[in-house]
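J.: This is the structure, below, for whatever I ask next.
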Amino acid sequence: MSARLDPYSLRLFVAVAREGSLARAAAKEHIATSALSRRIANLERLFGTPLIVRSPRGITLTEAGQIALKRGLQLETELALLQQEIQAQSSEVGGTLRLFANASAVVGFLPERLGKFCAKYPRVKVALQEASSADVLTACLDDRCDVGVAVAMEVPSGIESWHFIDDPLIVVLPRRHVLARAPSVTFVDVLKHPLVTVQSGGALDRTLHDRAADARALLQVAVAVSSFDAVCRMVEAGLGIAVVPRSAATAYAGSRQFVRKPLAESWANRELRLYSLRKMPRPRVAEVFIATLCE
């Protein structure tokens, strides 16, 4: 066998066998279907025998393909163990951590945790970019970031996720607002008053519009801004009330001319999660960061 066996091509073959489809495997591995097909063809030339049988209903494995799948899965396991054993011999964690995070994570939960992480691992450089939750997920899928922080959402099988922290939605109101003395506020109450909204088209904005549609009502948007600090300033000025993550209102260091009230809705229980592209090996700096935030 003069040509060399490419572990990446073998990984792609394993994905095809698992998915039963070239197209689904290509989508999962973020590679063009035509490029994946060429990889499989190269493997078949290397082995000198077909590994899969293609049909309109998908693919099936030949006997040789069954053997290649078994050995490919074993190789995946061995490579993971090799990575763990080598990393265990080194106490140094370094390199660049590409981190994408949504606005509420950036203002509410990440600063102190990033400070502690960087103090513990001084050889790590954190490249942080703020983005909407949808863009965080896209960055993970495109392998433009090692770890993403965003609201809980459905993700494709190529993404892994971990619970990070709970960040429920609350209502912020001017101190003299008619709802300021209520122990909690329902969304029906919110819909009766002008609103200050943030990041039009973002996850929170879509949630509020969807919930308003469920209630067969429209949001009375008085002011739309791009940051949670600006939301709190507008509420302080009496321009409306707002629904924001608790972390955003807690982090705001304003003149305290507004009050915070729980949003009495089951869907207000909002969760932030960590996301990362499912790949092997994952950079050690990403593994350590995920483990640190999940402690």
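The values are calculated or read from the model by the stated rules, or taken from the named source; none is laboratory data. None of these values were measured; they are calculated from a predicted model. Every residue, glycine among them, receives a Cβ derived from its backbone with ideal geometry; neighbour counts consider all protein chains shown.
J.: From the residues in the range 215-255 that are among the polar types (S, T, N, Q) and touching a helix residue (DSSP H, G or I) at 6+ places or on another chain (Cβ under 8 Å), which one is farthest from P111 (Cα to Cα)?
T.: In this case the residue turns out to be S255.
J.: Further, regarding this structure: Can you give me the number of residues within the range 162-180 that are modelled with pLDDT under 95 and farther than 20 Å from R246 by Cβ?
T.: 2
J.: Sticking with this structure for a sec: Scan the range 112-143 residue by residue and report those that are under 16 Å from E287 (Cα atoms) and surrounded by 14 or more Cβ atoms within 10 Å (Cβ to Cβ).
T.: Listed by number, the residues that qualify are R113, L114, F117, C118, Y121, V124, V126, C140.
J.: Could you tell me whether A182 is among the small types (G, A, S), in a loop (DSSP other than H, G, I, E, B) and farther than 21 Å from C232 by Cα?
T.: no
J.: Quick one: is L51 at pLDDT 90 or above, within 27 Å of the chain's Cα centre (by Cα) and more than 17 Å from R278 (Cβ to Cβ)?
T.: no
J.: Can you spot a residue in the range 205-223 that is crowded, with 20+ Cβ neighbours inside 10 Å and of a type outside the set (S, T, N, Q)?
T.: Initial filter on the range 205-223 (crowded, with 20+ Cβ neighbours inside 10 Å): 208.
Now drop any that are not of a type outside the set (S, T, N, Q), which leaves 208.
Yes, the range 205-223 contains at least one residue that is crowded, with 20+ Cβ neighbours inside 10 Å and of a type outside the set (S, T, N, Q).
J.: For the range 1-36, enumerate the residues that are over 20 Å from S157 (Cα atoms) and either in contact with a Leu (Cβ under 6 Å, 6 or more places away or on another chain) or part of a loop (DSSP other than H, G, I, E, B) (or both).
T.: M1, S2, A3, R4, L5, D6
J.: Right, next: Of all the residues that make up the range 37-53, how many are surrounded by 15 or more Cβ atoms within 10 Å (Cβ to Cβ) and either under 11 Å from L5 (Cα atoms) or not polar (S, T, N, Q) (or both)?
T.: Going through the range 37-53, the residues surrounded by 15 or more Cβ atoms within 10 Å (Cβ to Cβ) turn out to be 37, 39-40, 43-44, 46-47, 50-52.
Then drop every residue that is not either under 11 Å from L5 (Cα atoms) or not polar (S, T, N, Q) (or both), which leaves 39-40, 43-44, 46-47, 50-52.
Counting residues in the range 37-53 that are surrounded by 15 or more Cβ atoms within 10 Å (Cβ to Cβ) and either under 11 Å from L5 (Cα atoms) or not polar (S, T, N, Q) (or both) gives 9.
J.: Output yes when any residue across the range 196-212 is closer than 20 Å to A264 by Cβ, part of a helix (DSSP H, G or I) and charged (D, E, K, R), and no when none is.
T.: So far as the range 196-212 goes, yes, one or more of its residues are closer than 20 Å to A264 by Cβ, part of a helix (DSSP H, G or I) and charged (D, E, K, R).
J.: Inside the range 256-295, can you point out the residues that are closer than 23 Å to P174 by Cα and touching a helix residue (DSSP H, G or I) at 6+ places or on another chain (Cβ under 6 Å)?
T.: Within the range 256-295, Q257, F258, R260, E265 meet the criteria.
J.: Still on this structure, please answer the following. Does D135 satisfy being within 13 Å of the chain's Cα centre (by Cα) and without any contact (Cβ under 8 Å) to a residue 40 or more places away in the chain?
T.: For D135, the condition - within 13 Å of the chain's Cα centre (by Cα) and without any contact (Cβ under 8 Å) to a residue 40 or more places away in the chain - is met.
J.: Does the range 96-111 contain any residue that is in a loop (DSSP other than H, G, I, E, B), modelled with pLDDT under 90 and not assigned by TED's automatic domain parsing to the domain that holds D205?
T.: Yes, some residue in the range 96-111 is in a loop (DSSP other than H, G, I, E, B), modelled with pLDDT under 90 and not assigned by TED's automatic domain parsing to the domain that holds D205.
J.: How many residues does the range 124-173 hold that are under 18 Å from G202 (Cβ atoms), of a type in the set (S, T, N, Q) and assigned to a strand (DSSP E or B)?
T.: 1
J.: What are the residues in the range 14-58 that are of a type outside the set (A, V, I, L, M) and in contact with an Asp or Glu (Cβ under 6 Å, 6 or more places away or on another chain), if any?
T.: P50, the sole residue that qualifies.
J.: Another question about this same structure. If a residue must be within 25 Å of the chain's Cα centre (by Cα) and either modelled with pLDDT of 90 or more or among the polar types (S, T, N, Q) (or both), how many such residues does the range 247-274 contain?
T.: Qualifying residue count, the range 247-274: 13.
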